[in-house]
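No lab work stands behind these numbers, since they all come straight from the coordinates. Predicted, not measured: the structure shown is a model, and the values here were computed from it. As a convention, Cβ positions derive from the backbone with ideal geometry for all residues, glycine included, and neighbour counts pool all protein chains shown.
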Amino acid sequence: MSPVYPFDDAATARAVVDARGSLTGWNEGARRLLGWSAAEVLGRPAASLLAVDGSDGPGRPAEDIWHGTLALRHRDGRTVSSWLLAHYRPAPDGGRGDWLLVTPLEIALRPTDDPLMRAALAQAPCATAVYDDRLRLHGVNDAMAGVIGLPLERIRGLRIAEIGGRERSAELEQHMLDVLTSGRAKDVQTYLRTGGEDHAHAWLARLAPLKDAEGRVRGVCLAAHDFTEQYLARERLQLVNEASVRIGTTLDVNRTAQELADVCVPALADFVSVDLLDPPQHGGDHRPAELTAPLSLRRAAHRSIIPGSPEAVAKPGQLDEYPAFSPQADSLLAGRTIVATLPADDLEQRLAWDKARLNRVKEFGIHSMMSVPITARGTTLGVAVLTRYRRPDPFTADDALLAEEVTARAAVCIDNARRFSRERDTALALQRSLLPRTLPRTAALEAASRYLPAARAGVGGDWFDVIPLSGMRVAMVVGDVVGHGIQASATMGRLRTAVRTLADIDLAPDELLTHLDDLVVRLSAEAGSEGGPGEVGATCLYAVYDPVSRRCTLARAGHPPPVMLTPGGVPRQVRLPAGPPLGLGGLPFESTELDLAEGTVLAFYTDGLIESRERDIDAGHQMLCDALAAYADSLDETCDRILQSLLPPGGAADDVALLLARTQGLPASRVTTWDIPADPSLVGPIRKQVGEQLDVWDLSEASFTTELVVSELVTNAIRYGSHPIRLRLIHDAAILICEVSDSSHTAPHLRRAKTFDEGGRGLLLVAQLTERWGSRHTPDGKTIWAELSLTDEI
């Protein structure tokens, strides 16, 4: 940004020439020099102002700074020989820049003729320049003349912005103007390249006002001290510190590689690429001594000073093969940093194997390249390649040390991320193997589920299950083990197995949670005695739905309550006693019974779905209800909609388990019940009634087996049970269920009858004739049940 300059600007002739050679800038000083107005020359080729003869310099600047004498054409036709100073100014967006041409029109007094100048120069301890009250160069000492590198008799009368030609020179001029107007000294630090330098230096400029005997400010004295070494050391320390903060913010390999590239651009290079070796197929790590060319490297990240990284040949995720003598392979095989420059180190020959890369080098003018191996804990992970083309100076030994320091920090983070990814993949594979691959199809309900591991914390112990029970009932369970990693997954697997075992003996929900609580207490004790992490904690929600009665019994142990959507209604939370989390021991659990209309949708979930740093739990519950309100016929689509609505784009901070269930009812025509008198002689008529009912259901083929099973179960109930006794038949598409209930709490058990035993063969016969059989306790006694497969009978 140009400073606000209140003095005569026409004391210098200035012109701007774009990359096509056309004039795009022309000031009043240029009109004074050559007589052409801005309207007459803007847009014309700059070469049209050159006279045919009289030039002792090149017709076009070849470097980013040039000076010489040119013969120029005046508007009246005469030739004007003028000394010009040209600066190349890069475009801010990385495109083609333009040239600033300046020449002084007014020559200041020679220093030897000015007492003020002699005094200033005599007292200056370092490179010193004096500017007059119009901020035009008045004189310099020998040290400053060497820094500027331009003829003093030519530049006297120019402003510092015109001598430097860069944005930072204009900023320094603004500070000089502040000193001139305020009369107070100022210290300014700047980093720029002057005409006498091959590369930029750091300068500490002391700007002091020069006053006459009456105290009036007559000029500004600029005393510059070169502190490049201290500046670069501070910059390197700052870059290392920044790398320690910015690199390794996540346990994601590609993200960490991108952070490495981001830190190095533009502080150290103009373009950086990070390529990593794929992990060995059979496990283990890559050792430097085991690497051989050619090497297969996958692009993990890159970064450029130009948006879009047009220098990149490979895309992120692309796998390329690098032969011997390529910068990447040479660096990895040698195990050290390799710096190559043009033309000294034949950089073009190193890239001859890949024409696309060689074309990029020529297109962008890449002149220096540095390949740094990425190694950690004796393992080779990949290579970072840093290139320069906009910065004119090549990589130095200090740059190599700095790149190695930053890369070493990134290597540890990348190695940690890979180890975490391996452990996470192992835990995730274990978790997936312990969760149900598919949900069973039952006549009681239709179900859909989703499981998502935590995005950052790793796999946890969330689980869900759908368990078919006797009497066409079905159990739904969702739980969450505290913690993450393989230990949490293993604990989850043990709890899920225990729930299935306890469900198989038809325990009521509250009683099942009591037994599960005892198991978690034992697991905690085992973990503590083995020097493990200590207490094991978990939450659980268990529900049993009966499609015949359309009743659902639920109990929870510190788990979030389900959300229910009735047909034609709005979603709402089901009010359940909270219950203590599993593992506290000795505390009771309570059950709640609900009457559910057919088509009711129940949403079971873990707290990772509703909890978030951005919102509280109540807001999460409301978002879940809103997403469930848009329920469609497809439960799978509803699961996806809920996850998209509640989870952030980068994934949840905790595991998420979601189970949706839509209830179905069994028609009354599929269920028949008889009250059985306590008279063994009536077993025959009961068998006849069963046969008649099977004829109504078109199941005559199953009559013989069914009547035999009913006869045995009813006879046992009359002989060993207590009244009242009830027989119930339930008909589904594929099975026929026979249930005999009585008020006795003594359950029968299967035993092998001996040769001379008169009893003991009934249940053995039932077990042989049916698909499965069992017993369950009820509040009023027990129920003996048996399932017959209709597909075998028909």
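What is the calculated FRET efficiency for Lys688 to Ser549, with r their C-beta to C-beta distance and R₀ = 25 Å, to the nearest 0.05?
Result of the calculation: an efficiency of 0.35.
For a bin width of 10 Å, list the pair-distance distribution of the range 12-104 built from all Cα-Cα distances, rounded to whole %.
17, 54, 26, 3, 0
Where Lys and Arg each count +1 and Asp and Glu each count -1, what net charge lies around Ser489 among other residues with Cβ under 13 Å from its Cβ?
-1
So, in Å, what gap is there between the alpha-carbon centers of the range 23-38 and the range 136-167?
22
Give a residue-ordered list of calculated ³J(HN,Hα) values for the range 175-189 (Karplus: 6.51 cos²θ - 1.76 cosθ + 1.60, θ = phi - 60°; whole Hz; x for Gly, Pro).
Per-residue couplings from phi come out as 5, 5, 5, 4, 5, 5, 7, 8, x, 10, 5, 8, 9, 10, 9 Hz.
How many nm is it between the label spots at Leu587 and Thr705, if each spot is 7 Å from the Cα in line with the beta carbon?
For the pair Leu587/Thr705, the computed spacing is 4.9 nm.
For Ile160, Ile505, Ile642, what ranking results if the residue with the fewest other Cβ atoms within 10 Å of its Cβ goes first?
Going from sparsest to densest Cβ surroundings: Ile505, Ile160, Ile642.
Extension gain Leu401-Ala678, at 0.36 nm per residue separation less the Cα-Cα distance, in nm?
Values: separation 277, 0.36 × 277 = 99.72 nm, distance 9.64 nm.
That pair, Leu401 and Ala678, stretches by 90.1 nm at full extension.
Could you line up Thr379, Thr181 from fewest to most neighbouring Cβ atoms inside 10 Å?
Arranged by neighbour count, lowest to highest, Thr379, Thr181 become Thr181, Thr379.
Show that you can apply the helix-only estimate: for the chain, add -39,500 (n - 2.57) for every DSSP H stretch of four or more residues, divide by all residues, and state [θ] at 222 nm to the nearest 500.
On the way: 21 runs with 252 residues, N = 794.
After summing the helix terms and dividing by the residues of the chain, the value is -10000 deg cm²/dmol.
Charges at C-beta only: +1 for Lys and Arg, -1 for Asp and Glu. How large is the resulting dipole of the chain about its Cα centre, in Debye rounded to 20?
1700
What is the distance, in nm, between label points placed 7 Å from the Cα along the Cα-to-Cβ direction at Ser182 and at Glu153?
3.9
Whats the longest run of the chain with zero trypsin sites (Lys or Arg not before Pro) that are DSSP loop and have at most 12 other Cβ atoms within 10 Å?
Counting only loop sites that pass the neighbour cut-off, the longest clear stretch is 217-376.
With only alpha-carbon atoms counted, please give the Rg and Dmax of the chain, in Å.
Gyration radius and largest Cα-Cα distance of the chain: 43.5, 144 Å.
Evaluate the charge dipole of the range 153-280 about its Cα centre and quote only its size in Debye, nearest 20, assuming +1 on the Cβ of each Lys and Arg and -1 on the Cβ of each Asp and Glu.
Value, rounded to 20: 800 debye.
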